[in-house]
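The values are calculated or read from the model by the stated rules, or taken from the named source; none is laboratory data. Since the model is a prediction, treat every value here as computed from it, not as a measurement. Cβ sites come from the backbone with ideal geometry, for glycine too, and all protein chains shown count toward neighbours. These area figures cover heavy atoms from the full protein model, side chains too; ligands, DNA and RNA do not enter into them. Shrake-Rupley method; radii C 1.70, N 1.55, O 1.52, S 1.80 Å.
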Amino acid sequence: MIKRVMVRVVLTVMCLFVWLPLFLMAGNSLMGEWEMLDRFGSVFGAANRPVKAALLPSYPTLKPYVELLLDSPGFYVMFWNSCLQTGLAVAGQLLVALPAAWAFGALSFKGRRGLFLIYIILMLQPFQVTMVPNYLVLKRLSLLNSHLAVILPAAWSAFPVFIMAKFFETIPRPLMEAAGLDGAGSWMIFWKIGVPIGKPGIVSAMVLGVLETWNAIEQPMTFLKEQRLWPLSLYLPEITADKAAVAWAASVTAMILPVSLFVMGQGALEQGIAASGIKE
């Protein structure tokens, strides 16, 4: 009993450390400009006093949100760009990765293991390794400085294939063979058996795809030169020090959509990651 209580206490303390930055972000987004400079002036080079962080400001105000939502048209442009790029990238992943994952996970063909190994190698490559090849391909296709420069590389990501393929591998072979004997074709087996059973893996891949694309920084900075095409992830670096409270408000606002999506798909996400045999 005591051991169980100690474990819960330790886990609770660890969770509080994880949530502490989010609490600070939410509290600082309600902080006025003068209080922001008073507490964090040394961070912005405006004072030599130590930082005085607080969960809640002394005088809360909604002025940062009013300025962000009513006086910052650039925020809405970048928010729309993020929605467009993320939505189309995830739709592209679903269109490309779902059939590929079904082939790797449920079908047998010559060279399947070797080809899947190539997918895993591509998945492990960081963006810095694939940046130059992607840049050259996009330049040859005249797609640089366009939304497609961010959407297409994300749509052909190997990670969703890995997640969904591992889940499709768990589908019993006798079930698919029985469906074939009953007259179901390949498309019917995929649509009526594969997709419903593999739904947790599909949802988990889509949720992770949204989080990755929504928070992408290096890809837009490399492939997009005009500010009108930038996503919301590049909005904060453009905010000056005297608008720090607006930056906190923008961070909280930008976090609402991915956090909501994560909460709604948390169950399927856990099942998909468990089935794929990886840990986040």
Breaking point among (1) open to solvent by 30 Å² or more (accessible area, probe 1.4 Å); (2) not in a helix (DSSP H, G or I), for TRP191: (2)
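Tell me, please, whether a residue that is among the β-branched types (Val, Ile, Thr), free of Cβ contacts under 8 Å to residues at least 60 places away in the same chain and more than 17 Å from VAL252 (Cα to Cα) can be found in segment 67-86.
Within segment 67-86, the subset among the β-branched types (Val, Ile, Thr) is 77, 86.
Then keep just the ones that are free of Cβ contacts under 8 Å to residues at least 60 places away in the same chain; that gives none.
Looking through segment 67-86, none of the residues is among the β-branched types (Val, Ile, Thr), free of Cβ contacts under 8 Å to residues at least 60 places away in the same chain and more than 17 Å from VAL252 (Cα to Cα).
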Number of the exception - VAL9 against (1) at pLDDT 80 or above; (2) in a loop (DSSP other than H, G, I, E, B); (3) exposed (fewer than 14 other Cβ atoms within 10 Å of the Cβ): (2)
Identity of the residue in segment 12-42, at pLDDT 80 or above and of a type in the set (Ser, Thr, Tyr), that ends up least open to solvent (accessible area, probe 1.4 Å): SER29
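So how many residues does segment 178-188 have that are surrounded by 15 or more Cβ atoms within 10 Å (Cβ to Cβ) and either of a type in the set (Lys, Arg) or at positive phi (or both)? Don't jump to the end; show me each part of the working.
Quick first cut of segment 178-188, residues surrounded by 15 or more Cβ atoms within 10 Å (Cβ to Cβ) only: 179, 184.
Keeping just the survivors that are either of a type in the set (Lys, Arg) or at positive phi (or both) gives none.
Qualifying residue count for the region: 0.
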Qualifying residue in segment 43-52 (condition: aliphatic (A, V, I, L, M), open to solvent by 20 Å² or more (accessible area, probe 1.4 Å), within 29 Å of PRO220 (Cβ to Cβ) and modelled with pLDDT of 80 or more): no
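Return the only residue of TYR59, TYR76 being closer than 21 Å to ILE151 by Cα and open to solvent by 40 Å² or more (accessible area, probe 1.4 Å).
That would be TYR76, the only listed residue that is closer than 21 Å to ILE151 by Cα and open to solvent by 40 Å² or more (accessible area, probe 1.4 Å).
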Helices (runs of 4 or more DSSP H) enclosed by segment 108-170 - at least 3 residues per element that are within 19 Å of the chain's Cα centre (by Cα) and crowded, with 16+ Cβ neighbours inside 10 Å: 148-155, 159-168
Residue check for LEU84: at negative phi and modelled with pLDDT of 90 or more: yes
Top-ranked residue of segment 219-230 - restricted to ones that are open to solvent by 30 Å² or more (accessible area, probe 1.4 Å) and within 22 Å of VAL259 (Cβ to Cβ), ranked as farthest from the chain's Cα centre (by Cα): TRP230
Close pairs from segment 159-180: first of a type in the set (D, E, K, R), partner outside any loop (DSSP other than H, G, I, E, B) and open to solvent by 20 Å² or more (accessible area, probe 1.4 Å), Cβ under 8 Å, at least 6 apart: LYS166/ALA275
